Every structure is written in structure tokens, then in C-alpha cells.
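Visitor: Starting off with a structure, shown below.
The values are calculated or read from the model by the stated rules, or taken from the named source; none is laboratory data. Just so it is clear, the model here is predicted, and its values are computed rather than measured. No Cβ is skipped: glycine too gets one built from the backbone with ideal geometry, and neighbour counts run over all protein chains shown.
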Amino acid sequence: MVLDSWAVMAWLKGEQPAAARVRDLLEAADRKEGKLLMNILNVGEVFYLCAKARNRAYAERVLQNLRSRVGTVSATDELILDAVRLKAKYPVSYADAFAAVTAMNQNAALVTGDPELRSVATAERSLKLEWVAGESRHSGFVD
């Protein structure tokens, strides 16, 4: 599974039900019962958001926690071009495009609650979402 920054920030803020699901995924990864990935650009986004919301020391602690539990996917030239093509086609943020393309390339579900990604997943059948936001789940998304 691939985590996007929305899911990680919901976990850090304790926003339910997303926080509980992300915690469960992280604990499963700790037990080597599943593998979690994040694009390095999304890891950087989490760092920035944490530093902005609190301070750099907090952001460094979050970064250390994530890097010890979640594998990172580098932003290669090809991945960057795939992400910008997706961004040009759909109304998603730059960072969301990286999360989506990473999940698609890994043939993995993207763990998110970001509403921007729903329209992409509807149009791009290769993008599977595990929807962790509190609203009702949409058919066609991975449970």
C-alpha cells in the first residue's frame, strides 16, 4: 500500500477513522505483515506541514518515525513526467499526482481521504484507493 500525505496528517492529528486505519497499517508494517510506501515528495510534504504547524524539531521526529516504518520511492525522471501528465489531465495538487502515480506504478492501493483523488480514481481504473475518511465509502474503491 502507498500512503499519501493526507493519510499521514490525519494519523498525526488523530482524525478518525483515518488515524486508526493508518495506525493499524503502520503497526502491521512494524510486524512485517505488510509493506507501506510513500513517494519521497509526499514525505517532504509531511515534513513541511509538520514544521509549519509546530516546529522543525517535531517535523524531524515525524520524519524519523516515517522513514523507519515506511519505504520511500524516489522521484525518478519517468515518475516525475508521469505525475505532471496526470496533473495536467486532472484537478489534483502536484503532491497528490506523485502519490497517485506511485500507487499506480506499484500496483498498490493508495491510502487516502483526499477528495481530489476520487475523480482521478474514477477515471483512471489503474488507481485503486483505500478510502479512510469518515464519509461513506464510494463503490469501486478498495476496502
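Visitor: Is there any pair with a first residue in segment 79-104 that is within 15 Å of Leu3 (Cα to Cα) and a second that is among the basic types (Lys, Arg) and assigned to a helix (DSSP H, G or I) whose Cβ atoms are under 7 Å apart and which are 6 or more apart or on different chains, and what are they?
Guide: Within 7 Å, the pairs are Ala97/Lys87.
Visitor: Something else: Of everything in segment 7-43, what is assigned to a loop (DSSP other than H, G, I, E, B) and more than 24 Å from Ile80 (Cβ to Cβ)? Give them in sequence order. Explain how you work it out, then say what you get.
Guide: To start, the set of residues in segment 7-43 that are assigned to a loop (DSSP other than H, G, I, E, B) comprises 14-17, 31-36.
Correct list: Gly14, Glu15, Gln16, Pro17, Arg31, Lys32, Glu33, Gly34.
Visitor: Next question, about the same structure. So which residues in segment 105-126 are of a type in the set (A, V, I, L, M) and buried (at least 21 other Cβ atoms within 10 Å of the Cβ), if there are any at all?
Guide: Across segment 105-126, the qualifying residues are Leu110, Val111, Leu117, Val120, Ala121.
Visitor: Determine which member of the set Thr76, Thr102 is among the β-branched types (Val, Ile, Thr) and within 21 Å of Arg21 (Cβ to Cβ).
Guide: Working: Thr76 fails: within 21 Å of Arg21 (Cβ to Cβ).
Thr102 is the lone residue from the list that is among the β-branched types (Val, Ile, Thr) and within 21 Å of Arg21 (Cβ to Cβ).
Visitor: Same structure again: Report, ordered by the first and then the second residue, all pairs with beta carbons closer than 8 Å, sequence separation of six or more or different chains, a first member in segment 105-126 that is part of a loop (DSSP other than H, G, I, E, B), and a second member that is modelled with pLDDT of 95 or more and of a type in the set (Val, Ile, Thr).
Guide: Within 8 Å, the pairs are Ala108/Val2; Gly113/Val132.
Visitor: Sticking with this structure for a sec: So for segment 71-78 (the condition being closer than 24 Å to Trp131 by Cβ and loosely packed, with under 14 Cβ neighbours inside 10 Å), does at least one residue qualify? Explain how you work it out, then say what you get.
Guide: Here is the first cut: in segment 71-78, the ones closer than 24 Å to Trp131 by Cβ are 71-73.
So of that shortlist, the ones also loosely packed, with under 14 Cβ neighbours inside 10 Å come out as 71.
Yes, segment 71-78 has at least one match.
Visitor: Residue under question is Pro91, and the condition is that it be closer than 20 Å to Ala19 by Cβ and surrounded by fewer than 20 Cβ atoms within 10 Å (Cβ to Cβ); does it hold?
Guide: On the way: closer than 20 Å to Ala19 by Cβ: no; surrounded by fewer than 20 Cβ atoms within 10 Å (Cβ to Cβ): yes.
Judged against the criteria, Pro91 is not a match.
Visitor: Ok, one more. Would you tally the residues in segment 33-72 being of a type in the set (S, T, N, Q) and either under 16 Å from Ala108 (Cβ atoms) or in contact (Cβ under 8 Å) with a residue 40 or more places away in the chain (or both)? Before you say what the answer is, go through the steps one by one.
Guide: As a first pass, look at segment 33-72 and keep what is of a type in the set (S, T, N, Q): 39, 42, 55, 64-65, 68, 72.
From what is left, the residues that are either under 16 Å from Ala108 (Cβ atoms) or in contact (Cβ under 8 Å) with a residue 40 or more places away in the chain (or both) are 39, 42, 72.
Final tally of qualifying residues: 3.
Visitor: So Arg31 fits all but one of (1) farther than 22 Å from Arg118 by Cβ; (2) touching a helix residue (DSSP H, G or I) at 6+ places or on another chain (Cβ under 9 Å); (3) not hydroxyl-bearing (Ser, Thr, Tyr); what number is the exception?
Guide: So the condition that Arg31 fails would be (2).
Visitor: Can you confirm whether segment 44-52 contains a residue that is in a helix (DSSP H, G or I), within 26 Å of Ala123 (Cβ to Cβ) and modelled with pLDDT of 95 or more? Break it down stepwise before answering.
Guide: Initially, segment 44-52 is screened for residues in a helix (DSSP H, G or I), giving 44-52.
Next, only the ones that are within 26 Å of Ala123 (Cβ to Cβ) stay: 45.
With the extra rule that they be modelled with pLDDT of 95 or more, the set shrinks to 45.
Looking for residues that are in a helix (DSSP H, G or I), within 26 Å of Ala123 (Cβ to Cβ) and modelled with pLDDT of 95 or more, one finds at least one in segment 44-52, hence yes.
Visitor: Exactly one of these conditions fails for Val8: (1) surrounded by fewer than 20 Cβ atoms within 10 Å (Cβ to Cβ); (2) on the phi < 0 side of the Ramachandran plot. Give me its number.
Guide: So the condition that Val8 fails would be (1).
Visitor: If you scan segment 93-134, which residues turn out to be in contact with a Ser or Thr (Cβ under 8 Å, 6 or more places away or on another chain) and β-branched (Val, Ile, Thr)?
Guide: Residue satisfying the conditions is Val132 alone.
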